[in-house]
Amino acid sequence: MASQRTLTLLFTVHSWAGIVTGLLLFVICTSGALAVFKHEIDLWGNPSLRHLEHAQSPVGPQAVLAAVQSALPGSKVENIVLPTDTSPAYFAQVRHENGLRSKIAVDAGHATVIGPVDSELGQFVRMMHVFLFFAPRWIVGFLGAVMLVLALTGIVIHRKIMRELFTVRWRRSSRLAASDLHKASAIWGLAFHLLIAFTGCWLGLAPVFEQSWRYLSGGADPAVALPKDARKQPLQSLDALLLQARRDLPGLEPETISLRNAQRADAVVTISGDLPQQLISSARVSYAGADGRTLDLRDPRQRGFWSRFDGWMEPLHFGDFGGLMLKALYCVLGLSAAGLAISGTVIWADRRRQQHRSGDAAHSSAMAGERLV
């Protein structure tokens, strides 16, 4: 059992870690709770897409590429996002001749260009969660580590967990009720909070350590780009490359097709997606656009335990593997974590205010006693 001195130290760490990062944790947890519905939010924010039905036999990405190039001559398609169970349309990220980018929706049933999307609110929410919209991802990873510290120190500090699961002293005072609610909600959601904190910490900080190790060890990623060659060269059929990617990565559920230097001899086509049966994300394969030969294949199942472990992190963090009900559960528990971030700060501020009042009252009593003497 921890000594009183250790408990006091852990309580201090728990309090100050929550106070310093409380507002940022509130933003991260709230945006994360909403980000699980990214695709649904994007669909809700785009009235022009709501009337679309999921195509029984959707056209291939090659027809989408041709439709966008025909509708927007001179523009360059940088990537194509495939339809999902939520979104019935293709989306093409396009760079225009003036250098600006836009996201173009394309009907998956007839390869008809619908036009620029009305809103990217879902993407905005996800960017807020993953990058605080403008910060490097390691900052969010650090906040995940702080959340992990808060959860672990809270476990040690509140030793009578089973009793506090059901203890809320509503009739005593609002201060006690708020404190009891803070502890009870933290305990009820403990497993989820530990999962989200650990996976968020991993996703944000693991790339930093990986890049540092690669730099120190002198290693480097295998080159995917071809030697620069600006000669004109027809691009291989995206439909054929997509079919090849499914053969090279059995079980792949493609999400994005990225195009680099399209219509050039050094074109590269990268197809990335998930392996849902293995609960793994971040699988991808790159092909030479001119002749279709394989340049790089990244299958986490064949790259050792840690690569597979890394592939589990994003599905576990965003809950995108169990349907709408799991997303709803993630959203509710994520909002409860946001509430903990704010309520802990409010409780600490109220306690400090009460301590100051008690100190002032004791000082006044002492002064009065001296005058009587």
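So that you can scan it fast, the table gives a plain yes or no per residue for (1) at pLDDT 95 or above; (2) outside any loop (DSSP other than H, G, I, E, B); (3) charged (D, E, K, R); (4) within 27 Å of the chain's Cα centre (by Cα):
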site: A262; (1), (2), (3), (4): no, no, no, no
site: V269; (1), (2), (3), (4): yes, yes, no, yes
site: S272; (1), (2), (3), (4): yes, yes, no, yes
site: Q277; (1), (2), (3), (4): no, yes, no, yes
site: S282; (1), (2), (3), (4): no, yes, no, yes
site: S286; (1), (2), (3), (4): yes, yes, no, yes
site: G292; (1), (2), (3), (4): no, no, no, no
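Under the condition of being free of Cβ contacts under 8 Å to residues at least 60 places away in the same chain and under 22 Å from M128 (Cα atoms), which residue from segment 313-323 is surrounded by the fewest Cβ atoms within 10 Å (Cβ to Cβ)?
The extreme case among them is F321.
Conditions first: (1) open to solvent by 50 Å² or more (accessible area, probe 1.4 Å); (2) within 23 Å of R260 (Cβ to Cβ). P58 passes all but one, so which condition is the exception?
(2)
Here is a yes/no grid of residues against (1) more than 19 Å from R126 (Cα to Cα); (2) among the polar types (S, T, N, Q):
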residue: G45; (1), (2): no, no
residue: Q62; (1), (2): yes, yes
residue: V77; (1), (2): yes, no
residue: T84; (1), (2): no, yes
residue: S87; (1), (2): no, yes
residue: Y90; (1), (2): yes, no
residue: V94; (1), (2): yes, no
residue: G99; (1), (2): yes, no
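Go over the candidates S70, S48, S119, S87 one by one and state the one that is at pLDDT below 90 and closer than 30 Å to A267 by Cβ.
Just one listed residue meets the conditions, S87.
Can we say R246 is of a type outside the set (D, E) and either open to solvent by less than 10 Å² (accessible area, probe 1.4 Å) or assigned to a strand (DSSP E or B) (or both)?
No; evaluated as a whole, the condition is false for this residue.
Quick check: is even one residue across segment 296-310 in contact (Cβ under 8 Å) with a residue 60 or more places away in the chain and either open to solvent by 40 Å² or more (accessible area, probe 1.4 Å) or of a type in the set (D, E, K, R) (or both)?
Yes, segment 296-310 has at least one match.
State all residues of segment 63-97 that are of a type in the set (V, I, T) and open to solvent by less than 40 Å² (accessible area, probe 1.4 Å); if no residue qualifies, say none.
Selection gives V64, V68, V77, I80, T86, V94.
All but one of (1) modelled with pLDDT under 95; (2) under 21 Å from the mean Cα position of the chain (by Cα) hold for I257, so report the exception by its number.
Unmet for I257, out of (1) modelled with pLDDT under 95; (2) under 21 Å from the mean Cα position of the chain (by Cα): (1).
Please determine whether any residue of segment 326-333 is open to solvent by 40 Å² or more (accessible area, probe 1.4 Å) and basic (K, R).
No, because not a single residue in segment 326-333 is open to solvent by 40 Å² or more (accessible area, probe 1.4 Å) and basic (K, R).
Does V140 meet the test of being surrounded by 14 or more Cβ atoms within 10 Å (Cβ to Cβ) and in contact with a Lys or Arg (Cβ under 8 Å, 6 or more places away or on another chain)?
No; evaluated as a whole, the condition is false for this residue.
Which helices (runs of 4 or more DSSP H) sit wholly inside segment 1-89 and have at least 3 residues that are touching a residue at least 12 places away in the same chain (Cβ under 8 Å), under 24 Å from I342 (Cβ atoms) and within 26 Å of the chain's Cα centre (by Cα)?
So the answer is 4-35.
The values are calculated or read from the model by the stated rules, or taken from the named source; none is laboratory data. All values reported here derive from a predicted model rather than from experimental measurement. For neighbour counting, all protein chains shown are included, and Cβ atoms are generated from backbone atoms with ideal geometry for every residue, glycine included. Note: areas computed on protein heavy atoms with side chains; ligands, DNA, RNA excluded. Shrake-Rupley method; radii C 1.70, N 1.55, O 1.52, S 1.80 Å.
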